[in-house]
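The values are calculated or read from the model by the stated rules, or taken from the named source; none is laboratory data. All figures in this text were calculated on a predicted structure; none of them were measured in a lab. Note: ideal-geometry Cβ built from the backbone for every residue, glycine included; neighbour counts use all protein chains shown.
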Amino acid sequence: MQGQYSEKVMEHFRNPRNVGEIPDANGIGNVGNPVCGDIMRLYIKVDDKETITDAKFKTFGCGAAIATSSMVTELVKGKTIQDALKISNHAVAEALGGLPKIKMHCSVLAEEALKSAIDDYLKKKKSGA
Amino acid sequence: MNSIYLDNNATTKMREEVLEAMLPYYKDLYGNASSVHEFGRVARRAIDDARQKVADLLGASSVEEIFFTSGGTEADNFAIRGVFGALRSKGNHIITSVIEHHAVLNTCKFLEKEGCKVTYVTVDKDGLVDPENIKRAITDKTVLISIMYANNEVGTIEPVTEIGQIAKEKGIYFHTDAVQALGKVPFSAKDMDVDIISISAHKIHGPKGVGAIYIRKGTKITPQIYGGHHEMSKRAGTENVGGIVGFGKAAELAQKEILQDGGRIKDLRDYLYKGISSKIESVRLNGHPVKRLPNTLNVGFKYLEGESIVLNLDMEAIAVSTGSACTSGSLEPSHVLTAMGVDPGDAQGSIRFSLSRYNTKSEMDRVIEVLPPIIKRLRDMSPLYEGHKQ
């Protein structure tokens, strides 16, 4: 298992960035299920200029799930919503120095968590909440 | 920091005495046991001696019931495919359980494509097979019942004596995969109604790549590897002399020490669980509370996924596993825990600690010290844990 993980994955697993919740988050993404062994919850804080100023996560999952969650929060910070939507699962995996094939779904989950958080933000904005 | 190895159901450290016994057969004593000359005779005598020791550990009536193989997986394949092949004209039905090792399950799956009907009996919440379910599954086409002696993931010891009696009454062959039970719980083939037993050397501090199959005299079974007249024409191939010698030595030592080691290991294991369960909330013991291998402890840590725990313990130089080593590449929750009715989410957070004679109390103390902060850190990270916090 560990042998298949890159140094970067292990580094993010050991010291995950941005763990926790954002109490006044204006977008929250929830993806995954416990049967598959991964659940990610991603919180984003977006300012008036549609820039993501903060991102935090909570994840139930394997080493790769934790590392991809950590990486995606790092990648989105400072990006506009439009740019954040362009972050693909491959970009997350690449930023981590690659993932074992069997763990690529974790990067997909990270991308989906981000999209889900942005969707949530856009919905809230539209409804004026 | 010394590393702590608690994955002995995956494999064990080879004993010094075993390695010493093997070495000459990789140096000067390199004869082929089938050769007529002195080199060959030396190798033959070494194999005969090892066969006797393995027969003694298993409680076989005769050395002629022991056949060496490349390991437990080959023995399981041989047992199931061999009986199915030999009794094809009599019937095509096999009964096994849902919690068998994949060496049995995938062999059965393969045979299903060859026209075999397989009944996979379920287990209860402790991982026990109910002999009544076996009885009910028997048809006039049943030729083999294959139930493991003890489960590799949770350690539950199956009622193999009762199942053997049922098989005997009905005139059906009974095979048991005793790979995990060997050397951990005493048993004797001649005191049981069992026709075929699979065992492996590397689980009892012997070398990898060697195992054996016990086949009760008179059992009809078709060889699966053809070639020369090795292993009484049941399993061809030049014998792995060094490995077999090592297996013999490991068997001899296991037989001498099984009871004293077993008691000490069980005490350590129970001490470990007591420590873990007193320091960490929301843990569960997977497997039968009493009918369980003395070295095996499978613990579920609620709200967590197992690999993250394994990796964190690995960073502390503590080696444990989620379920079985053979399935660690799989994303599915353990088939054993799922069959026991453990919630799939909870099954993901289960860790197997498997001990051996080499573990010490101070090692258990270190695990008990290191584990709680790891679990806390991971739970603080887990979205499932919210709402359960005080």
If I filter the stretch B:224-239 down to residues being assigned to a loop (DSSP other than H, G, I, E, B) and in contact with a helix residue (DSSP H, G or I) (Cβ under 9 Å, 6 or more places away or on another chain), which single residue comes out as nearest to B:Ala43 (Cα to Cα)?
B:Glu239
Filter result for the condition that a residue is farther than 17 Å from B:Glu239 by Cβ and of a type in the set (A, V, I, L, M), over B:Ala75, B:Ala33, B:Ala86, B:Ala55:
B:Ala86
For A:Gln82, are the conditions met, namely being out of contact with any Lys or Arg (no Cβ under 6 Å at 6 or more places or on another chain), farther than 22 Å from B:Arg377 by Cα and within 14 Å of chain B (Cβ to nearest Cβ)?
no
Of all residues making up the stretch A:55-79, the number that are within 14 Å of chain B (Cβ to nearest Cβ) and among the hydrophobic types (A, V, I, L, M, F, W, C):
7
Only residues that are among the β-branched types (Val, Ile, Thr), surrounded by fewer than 24 Cβ atoms within 10 Å (Cβ to Cβ) and over 15 Å from B:Lys291 (Cβ atoms): list them for the stretch B:145-202, please.
B:Ile166, B:Ile172
Filter result for B:Ile265 (outside the structural domain of B:Val185 (by TED's automatic domain parsing), in contact with a helix residue (DSSP H, G or I) (Cβ under 8 Å, 6 or more places away or on another chain) and modelled with pLDDT of 95 or more):
no
Which residues, taken from the stretch B:1-52, are more than 20 Å from B:Gly209 (Cβ to Cβ), assigned to a loop (DSSP other than H, G, I, E, B) and free of Cβ contacts under 8 Å to residues at least 12 places away in the same chain?
B:Asp28, B:Ser35, B:Val36, B:His37
Return a yes/no flag: does the stretch B:129-144 have any residue that is in contact (Cβ under 8 Å) with a residue 60 or more places away in the chain and under 15 Å from the mean Cα position of the chain (by Cα).
no
Looking across the stretch B:281-310 at residues that are out of contact with any Lys or Arg (no Cβ under 8 Å at 6 or more places or on another chain) and part of a loop (DSSP other than H, G, I, E, B), the single one that is nearest to the other protein chains (Cβ to nearest Cβ) is B:Glu305
When the stretch B:146-169 is examined, which residues are found to be among the β-branched types (Val, Ile, Thr), in contact with a helix residue (DSSP H, G or I) (Cβ under 7 Å, 6 or more places away or on another chain) and outside any helix (DSSP H, G or I)?
B:Ile147, B:Val154
Can you name the residue in the stretch B:8-50 that is surrounded by 15 or more Cβ atoms within 10 Å (Cβ to Cβ) and among the basic types (Lys, Arg) and is also nearest to B:Thr296 (Cα to Cα) among such residues?
B:Arg15
Hey, can you tell me all the residues within the stretch A:63-79 that are surrounded by 24 or more Cβ atoms within 10 Å (Cβ to Cβ), farther than 16 Å from B:Pro383 by Cβ and not hydrophobic (A, V, I, L, M, F, W, C)?
A:Gly63
Test B:Asp346 against the criterion of being within 14 Å of chain A (Cβ to nearest Cβ) and outside any loop (DSSP other than H, G, I, E, B), and give yes or no.
yes
Can you find even one residue in the stretch B:284-303 that is β-branched (Val, Ile, Thr), modelled with pLDDT of 95 or more, surrounded by fewer than 22 Cβ atoms within 10 Å (Cβ to Cβ) and under 16 Å from B:Asn152 (Cα atoms)?
yes
For B:Thr69, state whether it is within 15 Å of B:Ile145 (Cα to Cα) and out of contact with any Cys (no Cβ under 9 Å at 6 or more places or on another chain).
no
Out of the residues in the stretch A:24-51 meeting the condition of being among the charged types (D, E, K, R) and within 14 Å of chain B (Cβ to nearest Cβ), tell me which one is surrounded by the most Cβ atoms within 10 Å (Cβ to Cβ).
A:Asp38
Test: A:Asp54 is surrounded by fewer than 17 Cβ atoms within 10 Å (Cβ to Cβ) and of a type in the set (Asp, Glu)
no
Residue list for the stretch A:1-11, restricted to those being of a type outside the set (A, V, I, L, M) and either within 11 Å of chain B (Cβ to nearest Cβ) or closer than 30 Å to B:His335 by Cα (or both)
A:Gln2, A:Gly3, A:Gln4, A:Tyr5, A:Ser6
Being in a loop (DSSP other than H, G, I, E, B) and within 30 Å of B:Pro186 (Cα to Cα) is the requirement here; does B:Ser89 meet it?
no
Take B:Val104 and decide whether it is closer than 21 Å to B:Arg352 by Cβ and at pLDDT 95 or above.
yes
Does B:Thr96 satisfy being touching a residue at least 12 places away in the same chain (Cβ under 8 Å), under 14 Å from B:Val179 (Cβ atoms), surrounded by 16 or more Cβ atoms within 10 Å (Cβ to Cβ) and not small (Gly, Ala, Ser)?
no
Reported set for the stretch B:335-389 where residues are buried (at least 18 other Cβ atoms within 10 Å of the Cβ), free of Cβ contacts under 8 Å to residues at least 60 places away in the same chain and under 14 Å from B:Glu316 (Cβ atoms) is B:Ile351
Just checking, which of B:Lys266, B:Lys203, B:Lys217 is part of a loop (DSSP other than H, G, I, E, B) and of a type outside the set (Val, Ile, Thr)?
B:Lys217
